[in-house]
Every structure is written in C-alpha cells, then in structure tokens.
C-alpha cells in the first residue's frame, strides 16, 4: 500500500505539473498553437487527478492494498507521459531559431498530409531531428478525446500540431530541414498502415523460410528454464518472444525505408546529406532503425531506378562515392554483442532489400518535384544563389497544391549547390568568406530560408488572385 | 519516428492501462451499489474485448519457422506483444491469469449495464474479475517505461 507520504507526493506532483503547464500556457509566445497542446494536457492531468482521489477513497481498506498500488502506479506512469509530452511542447524563444521556416513547413505538410496542421518548434538536447504529430501521439497514448476537446475549444479547424525538433547546436542550419522530407514520410506511412502491414507479413514469411536454421538457433539460445515450466513450454515461450521481436523489427525497419523513399522522391539524395550531419555511425543498427549504410544503399538503388539523372549528376555521384567505403554490412562481429536483437539484424537487412520494389510502388503516389520536370531549372536557381539572389524568383507559382513541390526543389537545390565543391568554394571566395565554408553555408541557408518564406506567401497570393 | 535512434519512449500499454484502472474502480463502485458514468461503462466494454483478445493470443502456437501458415492475424498483434511481455516478465512460480473467463464475465457485466434495466451483480464475480484486472494492470505497469528522456 502506498504510504500517506507517497500519496501526498503524487498529489504534489499532480499540482505542480498542472500549475507548470498553466504557467507556460500563459506566457507570451510567437505563435498560439501550443495552447491546444497545453489545454489537452491540462485535461489529461485533471482526469488522472480525479481518478486518483477516487482510488484513494475507494481503496482505503488495507485489504485493498493491491488495488490501490496498481492504480497508484498507473496514474504515476501517466503523469510521466504528460511531463514528456509537455517537454516536447515546451516554449522556446531564441534568436537562433529560424521561426520563419515554420509557416512554410506547415504549408507543405498540409499539402502532403491533406490535413490542417500547424508546425511549432522545440530544440532537442540530443542530436536528432523529429517531427511529431501531437494528435497521433495523443491518440497513441489513449488521450484522443482530450485532444479532440482541446481542438474544439481552440479553433475547431486545426487537426494537429506538428512539433518540429532539431538539435540545439544546429538551430540555425536551414539545410538540415531537408530531413523534414523523411519525417513527413512517417506521417504518410501512417496512412498506408494496411499496405505496409501486409508487406511486413509477407516479408516475415519469406525470411522465416530463408533463415529457418538461424532463427531456430536463436530461439534455442533464448530458452529460459524456469521452475514449473516444462522443456516444451520454455521453448514455446522463447519461440513467441523471437516471433514478437521479428515482427516488431520488420515493421519498424520497413517503415523507416518507406520514409526514406518518400524523402528521396521529395528531395532526392539531399536528405542523405543532411542525415550525415546527424548520424555518425553508419554501421549501427537498432530494433527501431536499420543501419545507415543500408539506408544509403537502398536509397541509391531506388534513385538509380527512378531518377538516374540525379544519381549521375557530378555533385551526387561524388557524394555517393565519398561514402562508398561505408556501404558494406559490418556483420555481427562488429556490433554490440549485448544487443538481444543482434541475430535478427541480418534478417532485417534482407527484409529491407526484399521490400524495396513494393515500397517504391507505394511511394510513387507522393508528388515529386522531379516528376514535374523541375530539375531543368536547378541551374538557373543556382545562378541566383551565386549572385546572392533568392533562388525562388525563378519559380512560377499557380496557387495550386502542386506549388508545394517547389519547397522541396529549393531544398534540393540548396544541397546540390552546397555539395558542388568547386561552385561552392568559388561562391565562398567571391563574397569574402574564403576558407570559412561554415559562414558561406549560413549565407546559402539564409537565401533558401527567404525563398521558402517567399514561396509560401506567393502561393497564398496566387490562391487569392485566382479565387 | 525520429531520423535516428531516439531516447523518446513509446508507451503502447498506456491506453489499456488507463482503461483497466478505470474498470478496477468501476467494479468496486458496482460492488458498493454505485451508479457508473458512461465512460466507465465504455471502459468495461473495452477491457472485456481486450481480455478476449489476450485469451485468443494465448492460444496461438508456433511450430517450425518454415511453416507458411504461421502469420499472426493483424487484430491480435498488439495483444500478442502484450502477452509475450507478460509471459517473459512472469515469476517462475506464477501461472498466467485466465483472461478468457474474466473477459466473459466482464462482458456480461457490460451487457447488464447497457440493458437499461435495474440490475444486481454477484459480489464474488465482481471481486474475481477485479482481481484479474488488477493482475493485468500490474503486468502493464511493469511494461510501461519509467524514465523520462529530458
């Protein structure tokens, strides 16, 4: 039974979390969207507080110790989740943050995901890039009703708030936002969950047959002998555990490759260039993410099939060549031997290879700037950059949904220019940055940022004009 | 999902944990003759369904890896994962809870509640079902992540 002291501690936790969310909600901020998140969180806290007080009241008898204990832990864990979600939406205000990109990101998200979203920003303490849909996160946690009522209370039109997180150390790096293409891929994957689920099942059947012997050995190695459990039951238990691990890994890895291919359709290999800034060890695999070398290899294979013109381009072929040495599987010997999923990584790699064709067909519906023949104006845009003019001026807009493709073309162009070594060095020297390529990249990022912002405004203007 | 491995925690058991907690309180209220709110009745229906799925998931047997018929039905996936985690976290001496029977009993409680007629409940049934729900909640709490990533 939780002691009176523990009960008081939880009450204090509820009170402090509630007042902290309310305090931050009242603070000034550049945009109002986090209010919806705070409102929903306050609702969640309120419901947990009510239930907790009811539990304390109903289970006051020492006989009900287990009931109160279990309810106490459940509420405490929910409060931890609230604190985590709150930290994702924590208000940030720093001169280094390019708030200007948020409107443009919301615009392309609306067009890609076909829902009314707004993007807000947070700085990550770890080296990572994320875009999370609050609606989905709340639904996953079983707080969908609270989200709905918070949305209805605010504007009623908004369906989700996208929380963009990027490393604090790279707060002013605009080119890094090419990674948003991958993150939006995850949101699109959610819409294809049925097809991706079917593909996962099909792949799991295939690899189980192909890796039959290795999987049997893995099951055998994981048998835990426990008192009261027969040999057959222990084997069955281990068999189920490995099955669950395989299914989870297959699902996570297939979705990652799907998101990579979506990104490849939107910005070509540019997201891989941004990815290199985040991921230092291309050989590291995890139960949720395939190793970087494999992702690079599969994206290259996909682009070779669908966008040969891009892969053969000097800047990109040099980019792929530079990382050629990292494109082989490290094998299990080089990997963390304590990782329980280790024997499954080669199986996962096989699943990714086998899935590539079908995933390519699935992502074909994602609108791509390359399909629209826009590649031909990249050179013209680079001329603008070379003269410190925003590259968006050469883009024609018509006020239609397809305008959003130009956002991705700008990202692509920014990276293409950055990776065209001669062109970029000349640019740096010409404007006085010399060997300081970091400064030159910042200037390039600013040109892209202004272009993205201008693009969104011009799109709105065109929309109004035609209506 | 972030671009690389993240320290952010996933908590797939959260919705079932919450509903089970609501049900534990609701069963106690019924035992004391109190009237339930709509969300409590909904939670009873939801947990009854989940117990049925857990029971179905526990019937699954796998043989060899090369058997093509071995595909886990989509509707059983999350229950299967929950069950596997419960089994691997179970202590040596304990036997798994009988989710099937508790699910049936909880479903009949839900049916009576939604029938619109005045009903009475057998106190021992309520106590038995509550005990299974508490055991389930203890397992779910064990599976839920503790640490915060910030």
Inter-chain shielding metric for B:135-146, i.e. average beta-carbon neighbours from other chains within 10 angstrom, reads 4
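Between residue A:457 and residue A:65, 0.36 nm times their residue separation minus their Cα-Cα distance comes to what? It would help to have the intermediate numbers written out before the result.
On the way: separation 392, 0.36 × 392 = 141.12 nm, distance 6.11 nm.
Working it through step by step, the gained length comes to 135.0 nm.
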Give the residues of region B:96-115 whose amide nitrogen is closer than 20 Å to a point set 7 Å from the Cα of residue B:125 in the direction of its Cβ. B:98-115
Sum -39500 (n - 2.57) across every DSSP H segment of at least 4 residues in chain A, then divide by the residue count to get the 222 nm mean residue ellipticity, nearest 500. -21500 deg cm²/dmol
Taking square-rooted eigenvalues a ≥ b ≥ c of the alpha carbon gyration tensor, is region A:368-467 rounded, prolate or oblate, where a/c under 1.5 means rounded and, failing that, a/b exceeding b/c means prolate? prolate
What distance in nm separates the simple spin-label points at residue A:27 and residue A:99, each placed 7 Å from Cα in the Cβ direction? 1.3 nm
Residue A:342 to residue A:87: extension gain in nm, 0.36 nm per residue of separation minus the Cα-Cα distance? 88.6 nm
Can you work out the FRET efficiency for the pair residue A:19 and residue B:34, with r the C-beta to C-beta distance and R0 = 35 Å, to the nearest 0.05? 0.65
Ranked by Cβ crowding within 10 angstrom, fewest neighbours first, how are A:201, A:57 ordered? A:57, A:201
Residue A:425 to residue A:318: extension gain in nm, 0.36 nm per residue of separation minus the Cα-Cα distance? 37.0 nm
For labels at residue B:10 and residue A:54 in the simple 7 Å Cα→Cβ model, what's the distance in nm? 3.1 nm
Just to be sure I understand: if I project the alpha-carbon convex hull of region A:1-82 onto a plane and average over all orientations, what area do I get in nm²? 5.2 nm²
Projected convex hull area of region A:189-363, Cα atoms, direction-averaged, in nm², equals 11.2 nm²
Please give the helix A:100-113 orientation as an angle from the longest Cα principal axis of chain A, in degrees from 0 to 90, rounded to the nearest 10. 70 degrees
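Per residue, what volume in Å³ does the Cα convex hull of region B:72-137 take up?
107 Å³
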Computed from the beta carbon distance with a Förster radius of 41 Å, FRET efficiency for residue A:467 and residue A:140 to the nearest 0.05 stands at 0.65
What is the list of residues in region A:399-438 whose amide nitrogen lies under 15 Å from a point 7 angstrom out from the Cα of residue A:114, following Cα to Cβ? A:401-402
To the nearest 10 degrees, the tilt of helix A:212-221 (Cα long axis) against the first principal axis of the alpha carbons of chain A is 40 degrees
Residues A:35, A:403, B:122, A:28 in order from fewest to most other beta-carbon atoms within 10 Å are A:28, B:122, A:35, A:403
For region A:191-274, report the % of Cα-Cα distances exceeding 16 Å. 63 percent
If the viscosity is 1.567 mPa s and the temperature 4 °C, what translational diffusion coefficient in µm²/s does Stokes-Einstein give for chain A when Rh comes from Kirkwood over Cα pairs? 52 µm²/s
Simple SL model, points at 7 angstrom along Cα→Cβ for residue B:60 and residue A:195; separation in nm is 2.5 nm
Other chains' Cβ within 10 Å of A:46-58 residues: what's the mean? 2
Quick one: angle between helix A:292-306 and the longest Cα principal axis of chain A, in degrees between 0 and 90, rounded to 10, please. 50 degrees
Round to the nearest 0.05 the FRET efficiency obtained for residue A:221 and residue A:304 when R0 = 30 Å and r is the Cβ-Cβ distance. 0.20
Among A:278, A:411, which comes first, second and so on when ranked by fewest other beta-carbon atoms within 10 Å? A:278, A:411
Stokes-Einstein diffusion coefficient for region A:49-200 at 20 °C in a medium of 1.002 mPa s, Rh from the Kirkwood formula over Cα pairs: what value in µm²/s? 120 µm²/s
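Bear in mind that the values in this text are calculations on the coordinates, not laboratory data. Bear in mind the structure is a predicted one, so any value in this text is a computation, not a measurement. Cβ coordinates were reconstructed from backbone atoms using ideal geometry, including for glycine residues, and neighbour counts include every protein chain displayed.
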